[in-house]
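A.B. asks: Here it is, the structure in full.
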Amino acid sequence: MNDNDPNKSAIHAKAQSKDRADLAQAQLVGADSNDDQLDDPRFELISGFLDGELTQQEAQKISLLIETDVEYRRLYQELSQMRVEVQSLSLQEQELEHLDRLFKEPVAKTTRIFGFALVAIGAVVVVGLILFRIFIHPELGLLEKILVGALGGGTLLLLFSVLRQRLINAKKDKYKRVKI
Amino acid sequence: MQVSEEFEECRKQAFSLALRLLNNRDDALEVVQSSIEKGINRANAPALDHPEFKPWLFTVVRNKSIDILRHQKRVRKVEHEEFHSSAPVSTEPDKNLQQMQLKETLEKAINQLNMQQKEIILLRDYHNFSYADIAKILGIANGSVMSRLHRARMALREILVKKGFSLGGEK
């Protein structure tokens with residue numbers, strides 16, 4: 001069966017709706033005041049009614065049940081009030097402000113950028129100074145100077161590569177203006 | 001910026017769901033952050049301004065929360081002072097106190113529900129998702145939402161009745 005067939009889907013939905021409405025109607029006759037029966041799946045249409053998720057036909061049946069059946073009405077009123085109470089729960093303003101601060105973290109972000117810049121500048125200066133002193137040292141041979149120079153040059157290259165990558169990422173980030 | 005405002009609201013709601021499921025602020029924050037990062041980095045995730053983004057984000061947040069709960073093997077108790085009522089607060093001290101007590105009872109009752117019951121009630125009654133969206137988020141059939149939600153509501157009602165919470169139905 002092709003599930004995407006609109007005609008079949010419509011027929012199926014209509015049949016399902018009729019079954020549910022019949023079920024609710026049957027409940028009207030067979031309802032017992034016993035609390036255990038409130039767990040009966042037939043009562044689940046009350047939830048659909050509360051949420052506005054029933055068809056017009058189903059909703060009319062449930063309206064009738066609420067008007068005529070005491071147990072049904074009681075359950076409807078209780079679930080309705082419970083739903084209102086749950087809806088009224090919300091996070092405290094302070095909690096949301098705290099959340100905002102945590103997400104934005106302006107101080108931490110600024111500190112991180114500043115720290116990264118200091119480390120980068122310091123590393124370049126230190127490596128450059130060490131290389132300069134080694135190159136002007138009269139007791140060191142050419143091979144030693146070349147090896148140390150390779151180490152220092154490699155470090156600077158790696159640092160430059162990381163900086164370049166971060167700049168490229170920042171430019172390409174299409175959501176950079178979205179607050180996270 | 002329009003996207004940012006909608007995104008901000010969506011993020012807060014996602015945090016709220018994670019917080020209620022996990023009962024831990026740090027875990028909830030981490031779940032939301034990593035879910036949003038996933039949304040940004042994943043090529044197949046809906047764009048932030050797409051209508052499908054919110055259900056998608058809630059799906060990821062819900063799944064990540066379940067992963068954490070499974071890892072922890074237990075649900076930590078939420079600090080009741082983290083929540084309050086957004087309903088207009090009465091100026092009368094007695095009524096105010098009564099409202100607070102009712103909310104506290106409700107918070108505790110919600111936390112006594114199992115994960116499946118808790119998440120479906122929060123998605124519908126707290127976050128106002130349609131049944132179709134809830135089905136997407138929970139990965140269940142559309143037709144199962146109503147019955148699962150009703151069972152969850154009945155379970156919550158039973159807990160509240162046991163706690164002496166008056167739901168105001170006709171007797």
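The values are calculated or read from the model by the stated rules, or taken from the named source; none is laboratory data. What you are looking at is a predicted structure, and each value in this text was computed from that prediction instead of being measured. Note: ideal-geometry Cβ built from the backbone for every residue, glycine included; neighbour counts use all protein chains shown. Keep in mind that these areas ignore ligands, DNA and RNA; they rest on the heavy atoms of the full protein, side chains included. Shrake-Rupley method; radii C 1.70, N 1.55, O 1.52, S 1.80 Å.
A.B. asks: I'd like to know if the range B:60-76 contains one or more residues that are modelled with pLDDT under 70 and surrounded by 12 or more Cβ atoms within 10 Å (Cβ to Cβ). Let's see the steps before the verdict.
C.D. replies: So in the range B:60-76, the residues modelled with pLDDT under 70 come out as B:73-76.
From what is left, the residues that are surrounded by 12 or more Cβ atoms within 10 Å (Cβ to Cβ) are B:75-76.
Checked against the condition, which is being modelled with pLDDT under 70 and surrounded by 12 or more Cβ atoms within 10 Å (Cβ to Cβ), the range B:60-76 yields at least one hit.
A.B. asks: In the range A:140-159, what count of residues is obtained for those that are farther than 19 Å from A:Val119 by Cβ and open to solvent by 40 Å² or more (accessible area, probe 1.4 Å)?
C.D. replies: Step one: list which residues in the range A:140-159 are farther than 19 Å from A:Val119 by Cβ, which gives A:140-150.
Among the residues that remain, those that are also open to solvent by 40 Å² or more (accessible area, probe 1.4 Å) are: A:140, A:142-144, A:146-148, A:150.
Of the residues in the range A:140-159, 8 are farther than 19 Å from A:Val119 by Cβ and open to solvent by 40 Å² or more (accessible area, probe 1.4 Å).
A.B. asks: Which count do you get for residues in the range B:133-165 that are within 11 Å of another protein chain (Cβ to nearest Cβ), touching a residue at least 12 places away in the same chain (Cβ under 8 Å) and open to solvent by 10 Å² or more (accessible area, probe 1.4 Å)?
C.D. replies: The number of residues fulfilling the criteria is 6.
A.B. asks: Further question: Give me the residue from the range A:41-65 that is away from every other protein chain (no Cβ under 11 Å) and β-branched (Val, Ile, Thr) and, out of that set, nearest to B:Leu17 (Cα to Cα). Steps first, please.
C.D. replies: Let us first name the residues in the range A:41-65 that are away from every other protein chain (no Cβ under 11 Å), namely A:55-57, A:59-65.
Restricting the remaining residues to those that are β-branched (Val, Ile, Thr) gives A:55, A:62.
Values: A:Thr55: 29, A:Ile62: 31 Å.
The selected residue is A:Thr55.
A.B. asks: Among (1) modelled with pLDDT of 85 or more; (2) surrounded by 14 or more Cβ atoms within 10 Å (Cβ to Cβ); (3) aromatic (Phe, Trp, Tyr), where does A:Phe103 come up short?
C.D. replies: (1)
A.B. asks: Here is a further query. Go through the range B:46-59 and count every residue that is within 17 Å of B:Leu138 (Cα to Cα) and either open to solvent by 30 Å² or more (accessible area, probe 1.4 Å) or hydrophobic (A, V, I, L, M, F, W, C) (or both).
C.D. replies: 7
A.B. asks: Would you pick out the residues in the range B:18-53 that are more than 11 Å from chain A (Cβ to nearest Cβ), out of contact with any Asp or Glu (no Cβ under 7 Å at 6 or more places or on another chain) and in contact (Cβ under 8 Å) with a residue 60 or more places away in the chain?
C.D. replies: Matches in the range B:18-53: B:Asn23 only.
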